[in-house]
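To start, the structure itself, in structure tokens.
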Amino acid sequence: MESDSALRTAPEPDYRALFAAIPAPLMVLAPDFTIAAVNDAFVKASLTERAAIIGRGVFEVFPDNPGDPQPTGSAMLRASLERVLRTRERDTMAVQKYDVRAGASFEERHWSVINIPVLDADGTLTHILHRAEDVTQFRNWLAREESMESRLDRQSREIEQANHRLREANEELDVRVVARTEELRKEREYFQSLLMAVPVPISVMLGPEHRFVLENDAHRAMSQHRDIIGKPYREAFPDAAPTLLPVLDRIYATGEPYVADRQLVRFAMNTGGTAEDGIFSISWYPLFGVNGEVEGIITSTVNLTEQVRAEAEMHDRDARFRSLFASIDEGFGIIEMLYDDAGKPADYRFREANDAFFTHTGMPEEVIGKTALDIYPGLERHWIETYGRVADTGEPVRFENEARAMGRWFDVYAFRIGNPARREVALLFKDIAERKRNEAELRESERRALDSALAAQAERSRIDALLQAAPAGIVVTDASGVIRQSNAAHRRLWGERCDGEQAAMRSGWWADGSARHGLPLAPEDWVTARVLRGEEAPRATIEIETCDTPPVRRIVLITGAPIRDEAGAVSGAVVTQMDITDRVRAEEALRQDDRRKDEFLAMLAHELRNPLSPIGAAADLLAMGRLDAARVKQTSAVISRQVKHMTGLVDDLLDVSRVTRGLITLEREKLDARRIVAEAVEQVRPLIDARRHQLTVHTPPEPAYVLGDQKRLTQVMTNLLNNAAKYTPLDGSIVVAVELDGGVVRMRVTDNGIGMTPDVLARAFELFSQAERTSDRSQGGLGIGLALVKSLVELHGGTVSAHSDAIGEGSTFTLCLPRIAAQAAVKPETSGIAPAAPGKALKVMVVDDNADAAEMLAMYVEALGHEVSVEYSSIRALALAQSVRPDVCLLDIGLPDMDGYELARRLRADPASAGAMLVAVTGYGQEQDRNRTRAAGFDQHFVKPVDTAALAELLRMAAEKSAQ
């Protein structure tokens, strides 16, 4: 009762001053969340000014930090305030991150918040008391500890339990305090309700004895519900009095406030319990009366014992961790990511580091607090991006990379620590530059080894490709002569059957053979043996027998070269085998051709000299001028026969040339083989009769039609009959037969002459080939007849063959041609040249630069009764033509000053000679030559020597035409 009386007589405290002096940050909100009042502690904690925030909405004054990727402060505060409006009950929020504006930026803050409804007498909510305790430092310690030791699970649970006890304690009301102050409630309910709602322990003491007149629920809970109202401080807290009474007395005496942060106080938590030391944060503020004198003291007390104990434990753990990190070889550091205006990682700041950090990076200790780009402006972007991803996603990463700006390689494990909003990343790493250099050197060594191996493999592949592609047979042996490698050409040369035996056989076995001169080779003379003895490039041409069935004899050129090791010793051999069989045979054939060519040239010279001898003698005889007409005629006949013989030789040569070059054009028509034989017999009859041969001809009764050129086929049969007549001794027998055999017409010429050896038969149809010649050359000929026969027959799609049983047994030549149906009549025979008949004498101009040829031709034309003019120059011939106005011009082509083609064109252009018959007289007689003379304007083409009978007939017809 004494205490109640003292309370009633005590002066009423100034609640406005009390509200302003409360050390806990307090804010009063209207139901629309407009700020109605704040105390000094709130202004200080929120970094604001009272005049700038009163009357404004709380979310306008305190927006979320736009730089926080996941802000939750305003949303959680709004939800709590709305619960208070809805339930009219206090709402305690969990520790919440809510950054505050600091100038143009924001500072990270964490708050422990209680929102308490303030009701009037009718129970209407008039205001909300918002109490916010700044626990940022404590939270940071917790966050740091969480990252260092699995988020400090145990400490988190203890803090959560403490918060739970705090919420329970705050919810207990001291009924006695409420009863004692009921009579004053209406006057002081506003500030008293605020005071009572503050979760910070607050008490009010009056008088010099410091008697308690008021305490809030938080204070009652802290003092374990001691009965202290009306009691002086010494009696209420005897354990703490020795320490704190001097402080209270000084404040009461001086009127100056006092704050004891982390004050050590002995305090019995339970009445009658044992006093223990505790750590408290105590704020004392004097209460002044109306007279300005100190009347009492307001006390705000926060029990920090558990917090300090937790901090001490954290400091101990931090020290242990720092000792651990200082002792490990790996570098350890903590960085803070920095972002640009677009929210992308732009740099990072070094916050902490162990000693190994500076060893591995080479950085000085002064880098702490600086950014990476401050130290290394050229730092690669990937470092910032990688750490930024870790800070943003929380996903740790392990990687190796090069920091070229630092000249080092690092193996890094990066992981986010603490609150994600702090964007701190821990780095555990080591310098692996030496390892990378070793790896690079190893890779380079491996690369060089691989390159060498690949080069060697490529070289082996190239060598093997060259070996297999080589046309010559190649084998590689070891030092003992065993074959280690061979190519396809070797197997083709020796036969596939040998291939399976090679590996077990020595290289000498295939080198066995005889030298080209026929003597066998001794083993020591084998090329392989010679190479293995050290000879550099031995070679041998041998004749071998292959493994084929049946075996084949081949001529092989074998060469070899030694394979030497690094010391120069012979370690093997490379032996090549070139099959030169075809080359040797070709060389032999060329030698045979050269021999036949030489024989042919000798024959040709002989055959040309034979007719030239009587021609020369006849010319000398005529020059004597003593011959009568009969002798002149006889001499002329000799010359004519010999010229005809020479013409035949030249014609044969030209025919062979034209056939071999494909210049023969066949005038194909349906022909009866019986008629071809008859014409050939007619042409050769004089020779047959002269040699007194018996000729028998067998032909079928029905026509034997073939498609061919009559002139050329007659030439073929004539040649065969000529050979039979020449190479059959006098009084011999010749049989000509025409046979029909299905679709084939067979013409056969058989004689009982000298016959042929097998060697002669094998080359009977080769050019320049003849049987053995006698010195008297009695049969004559150039050895080109049968070659011409074969070519002409093949042009007709036929075949020709020769047969002879033996020397002296005669020969048979068989000609086979395709038979055609008898649907068209055989081409009628043409008559020979008509005998000359008298007619008008023609004016003939002869032009040839060969004076003898021109004079002889002029004499012959004059003998035919024509008027002849001779000129040896083309230019003078043009002038002569204008005066003579010739009917016929006989022109040589190879003229010196103007060729015969141009002369003909000019004669055609001159009116004096435009109508003359132009006749080309030339040594060029091929088809293209005839085409060219026609194009130049010539009417006829004669080949030298001129066929005089044909020329006489041409002039006779021209004379008759002129006479009409």
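Worth a mention:
- Once both labels are positioned 7 Å from their Cα atoms along Cα-to-Cβ, the gap between PHE59 and ALA470 label points is 9.5 nm.
- Length added when fully stretched, GLU566-ASP849, from 0.36 nm per residue minus Cα-Cα: 93.9 nm
- Normalising the average separation of contacting C-alpha pairs (under 8 angstrom, six or more residues apart) by the number of residues puts the relative contact order of segment 328-431 at 29 percent.
- The value of relative contact order for segment 378-485, using C-alpha pairs under 8 Å at least six residues apart, is 15 percent.
- Computed about the Cα centre, the dipole magnitude for segment 669-818 is approximately 300 debye when only Lys and Arg (+1) and Asp and Glu (-1) carry charge, each at its Cβ.
- Neighbour counts of C-beta atoms inside 10 Å place ILE875, ILE282, ILE580 in the sequence ILE875, ILE580, ILE282, starting with the fewest.
- Karplus (6.51, -1.76, 1.60) ³J(HN,Hα), θ = phi - 60°, over segment 295-300, in Hz, Gly and Pro reported as x: 10, x, 9, 9, 10, 10
- Each label was represented as a point 7 Å from its Cα along the Cα-to-Cβ direction; for GLU400 and LYS711 these points are 9.5 nm apart.
- Built amide H within the under 5 Å cut-off of VAL213, gap 5+: VAL204, MET205, LEU206, GLY230
- 11 Å beta-carbon shell around ALA637, net charge (K/R +1, D/E -1): +4
- For segment 319-370, applying the loop criterion from DSSP together with a ceiling of 14 other beta carbons within 10 Å to the GluC sites (Glu not before Pro) yields no site.
- Rounded if a/c under 1.5, otherwise prolate or oblate - segment 843-963, Cα gyration tensor axes: rounded
- Normalising the average separation of contacting C-alpha pairs (under 8 angstrom, six or more residues apart) by the number of residues puts the relative contact order of segment 843-963 at 22 percent.
The numbers here are math on the coordinates, done by the rules we state, and not lab data. All values derive from a computational prediction rather than experimental measurement. Neighbour counts are summed over all protein chains in view; Cβ atoms, including those assigned to glycine, are modelled from backbone coordinates with ideal geometry.
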